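Have a look at the structure below, then the notes.
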Amino acid sequence: MLSWFRLPAGNDGIVIVLVVFYVIILATTIFTIISDKRDPVKALSWIAVIVLLPVLGFLLYIVFGQNYRKRKIFNKKGILRNQQIEGIIAKQLYAVNSPLVCNRDEILVNRDTITLLLNNNESPITYNNKVTILNDGEETFSSIIEALRNAESSIHFEYYIIQDDVLGNQIADILIERAGKGVEVRVIYDDVGSWSLPKNYIRRLKSAGVKVEAFMPVVFPFFTSKINYRNHRKIVVVDGKIGFTGGLNIADRYLMGTKKLGAWRDTHLRLEGKGVQSLQAVFITDWYFVNGEKLNHPRYFPRHNVNDQVAVQIAASGPDSDWASIMQAYFSAITKAKSHIYISSPYFLPNESILTAIKVASLSGVDVKLMIPYHSDSKVVYWATRSYVTELLEAGVKVYMYRSGFNHSKLLMIDGVFSSVGSANMDIRSFEDNFEVSAMIYDEGKTSELEENFKNDLQNAVLVRGYWWRNRPKLHCFYEALSRLLSPLL
């Protein structure tokens, strides 16, 4: 019956079968990319890579390109969500519109952003917080080490990078000493970010009673499709009372800089008060994911006696959430700016929404200042970041390049009443792929302090002038264009 259909004999038949098989896989993959309804630029970039690099492109998509926000890696709602939390959120959604709450200018001005994070992130706003801004590695690690040494009941420690160097071993020694004193010590490290962390380091912690877990381990060469979704968060919570978050990882370069880049400029926060409970909740959610242990005992959420009135909202985003919470909060805050917007980001690769919001704000008369590095630790991201400068200058944005070392701070400050400090860069990866955490601060005093630090950093930066920029080497323009083209895949 099917005698009319015969494959050519020998190798030609095998080739035809392979070609047909490949075309089916190619069509299926492209259909999947289109069905994800992701950003058109990113979707077209992946389709181009798959078509132009047939085998390699398909492998790259399997490893890096799948959209896990559509089919979440895990759902945090089922872990910590309960009637009590739902009740708090419901009350705050009502209260944020109440004159009794909105009598503070910082809350009234930022009410829309606060409401957004209540809805898209279930992130309660907390009012009784003491916030200390830490401006470099020395301030940050001395404060963290002091808190760790004084821990009495629990230490929760979560980092993208932990290295087996002087600082890393100093931290390990303290964790081991505290575990020996009966303190519960839990550590989460990202398996890709801490790829160079030796097994002996981890065994030393575990043998001393420290509970250690890798976030989504990846075994080479057998890639998993989750290698692209990394835990970029930096969290320390001590006794449920003191919390730290920001941009610094556990490595000597964050303290002493490097020969190539020079001094490392970064920003971290020390928190005391109710906001620490939100930071604790983020860690506990991540711990459940990596370990399966539910830490729901009240001792992890002790009462606080903090009289300071700094308002803080902890925002966490990642493939586990329904919305790109941090990106949406940034978009909301930027579009409502009236006076000025200050941004510091070591890797500036915004999506179209954030880029448009920044340009529209500047064209509307808002003073927008953006600080990016003059030198970077990532060549491709460095050139991709520079590719945005021309259109920003055309929109009137003042672009500065920090030259006194490497500025790794991730900051957003608006109108002196809103600021954000955390792990999230203003780039597509932080917005869509990575697990991130940022502290949204609604306080004039702390925002003014961050803005003053930003202005001090401007003294170590060069303002990009239009004439100089237009006459940069043509080869640089090519690097920028090529890196910009590849940026949706990074």
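What is the number of the single condition among (1) crowded, with 17+ Cβ neighbours inside 10 Å; (2) at pLDDT 95 or above that Arg203 does not meet?
Here Arg203 meets the rest and fails (1).
Could you list, in sequence order, the residues of segment 439-472 that are open to solvent by 30 Å² or more (accessible area, probe 1.4 Å) and either in a strand (DSSP E or B) or in contact with a Gly (Cβ under 7 Å, 6 or more places away or on another chain) (or both)?
The answer is Glu444, Ser448, Val462, Leu463.
Would you check which residues across segment 290-323 are under 18 Å from the mean Cα position of the chain (by Cα), at pLDDT 90 or above and not polar (S, T, N, Q) and list them?
Scanning segment 290-323 gives Val312, Ile314, Ala315, Ala316.
Closer than 23 Å to Asn150 by Cα and part of a strand (DSSP E or B), is that true of Arg303?
no
Find all pairs meeting these conditions: Cβ atoms under 6 angstrom apart; at least six residues apart or on different chains; first residue within segment 434-458 and in contact (Cβ under 8 Å) with a residue 12 or more places away in the chain and within 25 Å of Arg111 (Cβ to Cβ); second residue open to solvent by less than 40 Å² (accessible area, probe 1.4 Å) and basic (Lys, Arg).
Going by the 6 Å Cβ cut-off, the qualifying pairs are Val437/Arg233.
Limited to segment 229-250, what total is found for residues that are part of a strand (DSSP E or B) and either open to solvent by less than 10 Å² (accessible area, probe 1.4 Å) or under 15 Å from Arg186 (Cα atoms) (or both)?
Going through segment 229-250 one residue at a time, the tally reaches 10.
State whether the residues of segment 327-341 include one that is open to solvent by less than 70 Å² (accessible area, probe 1.4 Å) and part of a strand (DSSP E or B).
Yes.
Mind telling me which of the residues Ala384, Ala357 ends up being under 13 Å from Ile334 (Cα atoms) and not charged (D, E, K, R)?
Ala357
Go through segment 176-192 residue by residue and tally those that are touching a Lys or Arg at 6+ places or on another chain (Cβ under 6 Å) and open to solvent by 30 Å² or more (accessible area, probe 1.4 Å).
1
Output the number of the condition that Val380 fails; it satisfies all remaining conditions of (1) more than 20 Å from the chain's Cα centre (by Cα); (2) in a helix (DSSP H, G or I); (3) surrounded by fewer than 23 Cβ atoms within 10 Å (Cβ to Cβ).
All conditions pass for Val380, except number (1).
Going residue by residue through segment 354-374, is there one that turns out to be within 20 Å of Tyr479 (Cβ to Cβ), touching a helix residue (DSSP H, G or I) at 6+ places or on another chain (Cβ under 9 Å) and part of a loop (DSSP other than H, G, I, E, B)?
no
Just checking, does segment 388-409 include any residue being open to solvent by 40 Å² or more (accessible area, probe 1.4 Å), in a strand (DSSP E or B) and of a type in the set (Lys, Arg)?
Looking for residues that are open to solvent by 40 Å² or more (accessible area, probe 1.4 Å), in a strand (DSSP E or B) and of a type in the set (Lys, Arg), one finds at least one in segment 388-409, hence yes.
Exactly one of these conditions fails for Lys259: (1) closer than 19 Å to Val437 by Cβ; (2) open to solvent by 10 Å² or more (accessible area, probe 1.4 Å). Give me its number.
Result: Lys259 passes all but (1).
Looking only at residues that are open to solvent by less than 10 Å² (accessible area, probe 1.4 Å) and part of a loop (DSSP other than H, G, I, E, B) in segment 111-160, which one is farthest from His408 (Cα to Cα)?
Per the criteria, the residue is Ala151.
Considering segment 467-481 alone, what residues qualify as being in contact (Cβ under 8 Å) with a residue 24 or more places away in the chain and either among the polar types (S, T, N, Q) or out of contact with any Ser or Thr (no Cβ under 9 Å at 6 or more places or on another chain) (or both)?
His476 - this is the single residue of segment 467-481 that is in contact (Cβ under 8 Å) with a residue 24 or more places away in the chain and either among the polar types (S, T, N, Q) or out of contact with any Ser or Thr (no Cβ under 9 Å at 6 or more places or on another chain) (or both).
Working carefully through the options Trp195, Trp264, Trp287, find the one that is under 19 Å from the mean Cα position of the chain (by Cα) and surrounded by fewer than 17 Cβ atoms within 10 Å (Cβ to Cβ).
Trp195
The values are calculated or read from the model by the stated rules, or taken from the named source; none is laboratory data. Just so you know, these numbers come straight off a predicted model, no measurement behind them. Every residue, glycine among them, receives a Cβ derived from its backbone with ideal geometry; neighbour counts consider all protein chains shown. For the accessible areas, the whole protein counts, side chains as well, though only heavy atoms, and no ligand, DNA or RNA atoms are used. Shrake-Rupley method; radii C 1.70, N 1.55, O 1.52, S 1.80 Å.
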